Structure formats: C-alpha cells, structure tokens
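This report concerns only the one structure given below.
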Amino acid sequence: MTKRELAKVYNPQEVEDKWYEYWLKNGYFYAKVNPDKKPYTIVMPPPNITGVLTLGHVLNNTIQDIYIRWKRMQGYEACWIPGTDHAGIATQNVVEKAIAKEGLRREDLGREKFLERVWQWKEEYGNTIIKQLKKLGVSCDWKRERFTMDEGLSNAVKEVFIRLYEKGLIYRGKYIVNWCPRCHTALADDEVEHKEQSGKLWYIKYPIENSEEFITVATTRPETMLGDTAVAVNPKDERYKHLIGKFAILPLVGRRLPIISDESVDMEFGTGAVKVTPAHDPNDYLLAIKHNLEFIVVMDTYAKMNENVPEKYRFIDRYEARKEVVKDLEAYGYLAKVEDYTHAVGRCYRCDTVIEPYLSDQWFVKMKPLAEKALQVVLDGQIKFYPERWVKVYEHWMRNVRDWCISRQIWWGHRIPVYYCDDCGEIMVEREEPKSCKKCGSTKIRQDEDVLDTWFSSWLWPFSTLNWPDDNADLRYFYPTDLLVTGPDIIFFWVARMIMAGLEFMGKIPFREVYFTSIIRDEFGRKMSKSLGNSPDPLDVIQEYGADALRFTIVYLAPLGQDILFSTKKCEIGRNFANKIWNAGRFLIMNLDEVEYKEEMKFNYLDIADKWILSELNKTIKELNHALETYRINDATRTIYDFLWHDFCDWYLEIIKDRIYSPESKDEKIAVLSRAVYIFETALKLLHPFMPFITEEIWQNLRDRKEGASIMIEPFPTVDEKWINDEISKNMKFIQDIIVAVRSIRGEMNIPHTKFCDVIINTSNNDRKDLVNEYVSYIKRLARVQNVTVSSGIKRPKFSASAVVSGDEIFVPLEGLIDLEIERKRLEKEIKRYETMLSETERKLSDQNFINRAPSDVIERERQKYENFKLTLEKLRQNYAYLIE
RNA sequence: GGGCGGUUAGCUCAGUUGGUUCAGAGCGCCACCCUUACAAGGUGGAGGUCAGAGGUUCGAAUCCUCUACCGCCCACCA
C-alpha cells in the first residue's frame, strides 16, 4: 500500500504475525559464541507442558523480552534460552484423566504403555504454551529450545544424582513424608499447601491399666488412634506425674500403650496429654525413635485403613473410618468432649487433596552442605535480588533448610538410576543399567521403581540447557546467566535450588540478578484462578487489543515488588498509546510524501523548540536506561510514554506544523521533517523492547529500508550530554507557560476553538521580550491567537482577562466575551493560591532555625520564590482591583 | 506464633536521595471542540488533612515508634 493509505486506527492483527515471521526468517533471535561481544543470557523459567498461557506468563516473559531486546540493541550477544518442563505429577494427572475417558487406569496399561501415552500427549499438546508465547513477540533463541526430559537433560540429571550419591549427599531412608493419596506419591515439604480449615478437636479418654482412672488426649484426626503406640505427657506436668511409666489401654483396639514423658509436649494445649502415632505423624515419629516405640502403619497408600486395625474398620476410607471411630468411642463412653477447632491442613499443591503423613522409604538430598554456600552468595551480593526484601525470606529458608525428598511414586519423570540385586541386595547407582550384580554376579537386577521430583531436573536448568556436563564453548561463554525472572512463589522450589546446583556443579553462581515478578490479581484483588473464572485468556486480550498493548499495559501496571490488579479493560492504556504513536508516525509519513528525509540536514535550522525536544529526548534516554538498570520497569514505561505522548506529540509536533505547512524555504522543511523523523525514530527504538511490533511497523514505513533491516537490530540510543540544556528548558517553559495561561483563560471563558483572540504581554525584560517576538508563531498556533503585542508599560485593556507568568502580565482582551463574574472568581482563586504559597515561604524565611540550619542553596531558592510570589501577587491584585472598580 | 507488604483524588495506581510550584498520572466526571496525525483524540476544569496518633528534623507522603484495617508468606502445637 502507498504511504498515504495508512489506516487511521492502528490495527495490530494486521502486522504482528508478519513481523514475527520476518524476525524469525532473518535469524535475529539466534545467539552464538562471539568473542567480539559480551554475552547476555537469560534462561526462561520453563513452563509446564500441561500449561496454557496465563497473564503470569505474559508478565514474566514480557519482562524477559524487554531485557533481551534492550541488551541485544545495546550490542550484547543476547541469548534467551526457552524450554518446557515435564511437570511430573501434573502431566501424569492430565494423561490419567484422558485415559479415564476410555475407562482405563494407568495400571491397566502398565508402565511402558502408559509412558507411551504420555509422550504421545506431550507431542500433541506439549508445545501449546510455546506457540502461544510466540504471539507475545518473545525473541527467544528457538534453536536452543529444550525439554527437561530430552536426552541431554536426562543425562545431566543422572550425572547429578550419581555425583551427589557418591559424595554422600543422597541417601535413602524410611521417613514420614507428605503423602498424597490421590496422586499416590510422596511430596516434598514445600509441595504441601497449608490452608486454614474449621474442624473439630476430639477429646478421647484412654483408661489406665489396672485403674479406674483415665488419661484424656485431644486429636484432630481420631482415626489415627488405631495406630497409637504410646501416650506422652510433659515431665513437669503435675497432673500426670503419677502416670508416667504406667500403661493406658487403647480404646476399640485394646493395645497397651506406655505413658512416656517428653519435654516437647505442650502442657498448655488440649489436656496436656498427647496420643502418639509414630507411623502417621511427623512429631510422633521423632518421639517414637527417641523413645523406641513401635510403628504401626494403619493406612494404605490410598488412605484406606489397612489390615492392622480391628476388622470392622478395615479397608474403609480414612474419613469413613473417622466417623465410625468417633461413633464407637461415643457409644462406649470414651469420648470426653468435642470442640470446634480451626487449624491448618496440608493439601497437595497439585490436586488439593488433604495430605496424609505416611511412613515410607524415600530418597533424600542432604541440603545443609549445599545451602551454606548458596546463602553466602546472596548475602554478599554476588547474586542480587529485586526487590531486595526477598533476601530475608531466602535467608530464613536457607538457615532452616530440611532435607529434600526427591523420590516420587509416579511413572512420568526421570527414573532413579539405582539398581538392586534381588539375590544379594546390593545397591548400584549407575549411568547405564548393569547387566549383572557387581557383587554377586546375579542377573536378577531391578531398577528402582520411583522417579525423581520434577525440580530435580529444573534445578540444573541454567547449565543443563547449555549441554552440561559436556565442557563446551557455549557453556563457557553464556554461563553464568545474567538475569532470572520468576515469581516469588517458587523462590524455594527453584531459585534456591538452582543457586545450590550452580555452585555445586559449575562452581559458579547460575545468574547474577533475580527479578521477582508481581503476582497478578483481578480488579478486586483476588488471585487469578480457574475456579473463580476471573483469569482472562491472554490470547483473547491479544486479539482484542494487540500484543504490544498487553505487553505495555502489564509492565506499566507492575511496579517492582507490588501485586498488580489487572483487568482486560486496562489494556486501553496500551492500545491508546499504540494508536497515538501510530498516528504520530502517520503524520510524519504523510508529510514525507512531499520531501525526502535527509540525514545530514537533521540538525539544521535549530530553534528553541528543537533544542528543547533534543534536550528532553536525551533526558529520556538517560532516565529510561537508568530505570531498566535498576529494574524499575514501570518507571521506564512512564518515561517513554510521557516523552512520546506529551513532549513529542502534544508540544513538538504541534509546534513544527508551522514550519512544515509554511516553511521559509524548502530546505527548512526538509530539515524540520528530517529532525522530527530522527527524534521519533530514536524514541521508537527506546520503545521497541516494550512494544516490538508497532515500533517495527512504523519504523519500516517511515522511510525506505534495506531488505533485512529491522529496528530490533538497530543500536540502542545513547545519551548525548551536549543536548541536555537547562537554559533552553527554562526559556521553552516560559513560552509554554504563556500558551497554557492563554488556553486556561480561553477554556474558562468557554471561548470556542474556532474563535481567535489577541494577547498582550507586559514585560520589561528584554530577553523575554525577544523570546516572545521570535516565537510568536508558536503562541499564535498553540493558543489560537490572532495578534500578539509585547511591550513594557502596557496598561490593562478594558474588558480583558489577565494572568501572570514569570512576573509578566498577560492580557487577553475579551470585549463582549468576558464574563466578569468568571474572571473575578478566576483571579480570586489565583490570588488565594499565591497568598498561600507566599505566606508559606514567608514563614520559612522568618524562621531563624531554618535560616541557620538549612543549606544555603535551599534558602536562596526560597528567597527567589518569595520575590517571585510577591511580584506575581501584586500584579494579580492590581488586575483584580481594575476588574471590580 | 513469627515475618513481610499495603493504606495517596470517585476508581486503579506512580511518587528513587527528606527540600525547586510536590501533592501527580490514567480512567471516570464537567465544559468547549470532529482544528488538514489521532474522538482510542485535543484544550481547559472540578476533585485529596497522603489510614490514624506520636516522634526525629529548620523542613516529612518520604525516616522512626505505636495503633487500625486489608493482603501475603513461613511454622510439627496434637
């Protein structure tokens, strides 16, 4: 289409896909080892293959893309490595649900066939989120895309397991773990979510052997009493001292329970006596080891009661059993009382099922030795957190770190590389499956059934994606990575463990800076969730507003460390902004139809407005870079938004219209337009990391580009200090203030836009007189003025409105138009404003403490203010007096 | 029980080192305008005791303490 046919309204749907294809085709996203450039690396937090794009991903990946594009334009070898996570439990659950529709359970298929189905599912749907991400415009190096279960990463996982095992940092043991009866697997401590819930506290009387006495215990899980093997009291507790060493008889079961004493028992809680269920409670487990108690497992892996309980409770669900036990206790008179009780219940983070503490064999990683160094590098600033406050959270966790349960009783994941000899029991930890037992030569070898926690592969992500453990050029060049962008909710799951792994296996930190993103909530502050249905589909938002608008809006709304309240409607901010710059571009393109852009003329015919906008532009570059360097991304968006909309469009483009429509020479027109194009292009480059599509579209249309040119590989603008000029700003501000003052009068007097007025400026300052004379055309155009008179000693014309700017009087004659009442009020308001400001500075200046203690420049400024206010006030009062006489 | 964050205009929120006209923006509202880039726009306007109380300071939205309310995280009180 020809330039003139550009649509009046920007239509993102027409251009976004086109440019993404173009960038891909030209290979601009690819990174390679380049000794002439410094690397800048980001690894993408790999989304789950089960995932669909959420606003959380949008925020996260927009931020990463902003940094990658910014650094790429700054001349770094920018490498952004994408990928996906196999998400063990989540994916297995999804596929189980899918086969359930065919009436199948995974056991029906068997391990091998089931895994085939999972891979099939992965091939079909596993890349959904990646495809969706591309709509956002992310500039990842897709040649480097990885998957946590691909061959290279699987090798890395094995390697790490073996190294840690050989170092004695991985061990197997019987422990109480968090068991999800639904997912049928153990969970790590941090995979359990504690949620407040109202329940009951049951008080149960246990008879004392050979006595009429009872000891009463309290519990929230009465069904576990069937597995009790002791009762514990505090040794200092006078109420129970006489019972220590005796036995209680477990109701419904009849077992003899020793009554033991232990400091850990809280005398204040409940009755002060605790039932001890070693196989089903982590505290009780510790107690049992200490006191050498019996362990009785009373549930199976589906949380049904097992054969170790009296017959009538066998094989029924835990909650069914709870009802029965309570009913029976009551019937036999063992139930002392029931209280309402609110407590935190652990739930599976994947399926929300209440977890059951469960005694089983699991694999663990010893965390203490890994945690120490990992804490140190954050405390001493080698790794910086933004916002910094997360350091404290991190520190607390690292100091209290507990061993990490890494085995999962599911099928989808990295199989644990441990082999058992069925004949002699030898345990072999090997890269390849051994043919025979190393010890006894038996061929009855069996691999551990369990798989590894998903995070056991993710924690290697910053270097496994660069083909570790191979020592290779990419790894040496791109590692350590520079920036990690992630949510604070996975600081322990992932961030902490990556730091540990980086230090342990690479001997270097995995990343230098960590940006913790905001949590996105809906407009009422509620978390986005599927069940509430308050989570907009980003693809719909992109369809409606455009990817640029979504990107811009979401980071505009996301101050560092603050939650953001999002609603689709807010994307109007970004859409309107896109449309604004689209039209600015259209304006320039339309005018460029008549003259050519001339690079070498862009600084010719400079006047005050040109110098002013160049000054503002360079300030903007400075501020924007600084904001990005300090991760105040929303500040960066505001800076470029204000510059483009207010400085460039509202003021500058309006001002140069005179020189475009009626230039003194053709050269002047060329110079002015070339300059406007140059400034606009520079601003587009600044904006490009935030809004890649529209900036490319406009940039390509502004003038002829070579095949393969792209704004995304243009150098990022740098500051040229010589343009930053406060004197120019001050003078320009004077002109602007006159315009604003006249507009204000016009506005309040309701003078129609079509009607021109005259302006009379009374000033005795020659510099300002010259300024006005020189730039009178700006005042005329921007304030809709016919004649401007500037002189000293001018009397206020009758029937005129007035204002004071920099101590100079401005009169707008309004014969027949002026509403004296309005003007009176306007002046009164203005007088009052100045009176307040004057009295405030007066108060300060008469305060001896202020004079004695404040720095001299502050005092000097205050004095100037005082003079200025006084003068202005005088004139305002004079004019007011004329008005009412 | 411990820790963290928030409270600024009707709504959503900025406000970096305490000090220039610092009390701001966007949306909404009111008025005038389809002015040859843009009505997804322009110009002007109304609107706030910066949650409350105390303190530090010549000076506080900004620093300190306490209080209230909202939200989050951590913790084995059965």
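The values are calculated or read from the model by the stated rules, or taken from the named source; none is laboratory data. Note that this is a predicted model, so its numbers are computed, not measured. Because the Cβ atoms are built from the backbone with ideal geometry, glycine has one as well, and the counts that use them run over all protein chains shown. Heavy atoms of the whole protein, side chains included, go into the accessibility calculation; ligands, DNA and RNA do not. Shrake-Rupley method; radii C 1.70, N 1.55, O 1.52, S 1.80 Å.
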For this session: Just add up the charged neighbours of A:V740: K/R +1, D/E -1, any other residue whose Cβ is under 11 Å from the Cβ of A:V740.
Result: +2
For this session: Determine the dipole magnitude for segment A:101-215: charges of +1 sit on the beta-carbon of Lys and Arg, -1 on that of Asp and Glu, nothing else is charged, the reference point is the Cα centre, and the result goes in debye to the nearest 20.
Result: 560
Seminar exercise, completed: Farthest towards the positive end of the dipole of chain A, among A:Q120, A:F680, A:N11 and with Cβ unit charges of +1 on Lys and Arg and -1 on Asp and Glu, lies the Cα of A:F680
Problem set entry | Check: segment A:648-753 dipole with +1 on Lys, Arg Cβ and -1 on Asp, Glu Cβ, in debye | 180
Seminar exercise, completed: Within segment A:804-852, DSSP-loop GluC sites (Glu not before Pro) with at most 14 other C-beta atoms within 10 Å are A:E815
Exercise. Please state the relative contact order of segment A:1-157 as a whole percent: Cα pairs under 8 Å, 6+ residues apart?
Worked result: 33
For this session: For segment A:311-384, with all protein chains present and a 1.4 Å probe, just round the carbon and sulfur fraction of the accessible area to a whole percent.
Result: 48
Seminar exercise, completed: Whole-Å distance linking the alpha carbon centroid of segment A:417-482 with that of segment A:838-856 is 74
For this session: Just name one of A:G487, A:I581, A:Y30: the one whose Cα is farthest towards the positive end of the charge dipole of chain A (beta-carbon charges, Lys/Arg +1, Asp/Glu -1).
Result: A:I581
Problem set entry | Listed pairs A:K97/A:K327; A:K733/A:K798; A:K134/A:K195; A:K657/A:K755; A:K580/A:K870; A:K174/A:K392 exceeding 31 Å between Cα atoms | A:K97/A:K327; A:K134/A:K195; A:K580/A:K870; A:K174/A:K392
Problem set entry | Normalised contact order of chain A, rounded percent, pairs of Cα under 8 Å and 6 or more residues apart | 12
For this session: Note down the net charge around A:I859, summing +1 for each Lys or Arg and -1 for each Asp or Glu among other residues with Cβ under 10 Å from its Cβ.
Result: +1
Problem set entry | Between segment A:679-702 and segment A:1-75, the Cα center-to-center distance that results, in Å | 13
Problem set entry | trypsin sites (Lys or Arg not before Pro) restricted to segment A:7-62 and DSSP loop, no more than 11 other C-beta within 10 Å | A:K8
Exercise. Placing +1 at every Lys and Arg Cβ and -1 at every Asp and Glu Cβ, with all other atoms neutral, what dipole size does chain A have around its Cα centre, in debye to the nearest 20?
Worked result: 620
Exercise. How do the peptides A:82-93, A:147-158 rank, highest first, by the average count of neighbouring beta carbon atoms within 10 Å per residue?
Worked result: A:82-93, A:147-158
Problem set entry | Peptides ranked, highest mean first, by Cβ atoms within 10 Å: ranges A:409-416, A:569-576 | A:409-416, A:569-576
Seminar exercise, completed: Placing +1 on each Lys and Arg Cβ and -1 on each Asp and Glu Cβ in segment A:750-885, then taking the dipole about the Cα centre, the residue among A:I831, A:V805, A:Y778 whose Cα reaches farthest towards the positive end is A:Y778
Exercise. How would you order A:437-447, A:682-692 from highest to lowest mean count of nearby Cβ atoms within 10 Å?
Worked result: A:682-692, A:437-447
For this session: Just report the Cα centroid separation between segment A:325-393 and segment A:210-275, whole Å.
Result: 25
Problem set entry | Shape of segment A:329-466, Cα gyration tensor, a/c cut at 1.5 | oblate
Exercise. Reachable aspartates and glutamates from A:K722, Cα under 13 Å, same-chain residues fewer than 8 places away excluded?
Worked result: A:E616
For this session: Provide the per residue accessible area, probe 1.4 Å, for segment A:737-875, rounded to a whole number of square angstrom.
Result: 56
For this session: Note down, for chain A, the three equivalent ellipsoid semi-axes (square root of 5 times each alpha carbon gyration tensor eigenvalue), biggest first, whole angstrom.
Result: 70, 37, 24
Exercise. What is the set of long-range amide H partners of A:S535 at a cut-off below 5 Å, with H atoms built 1.01 Å from backbone N?
Worked result: A:S529
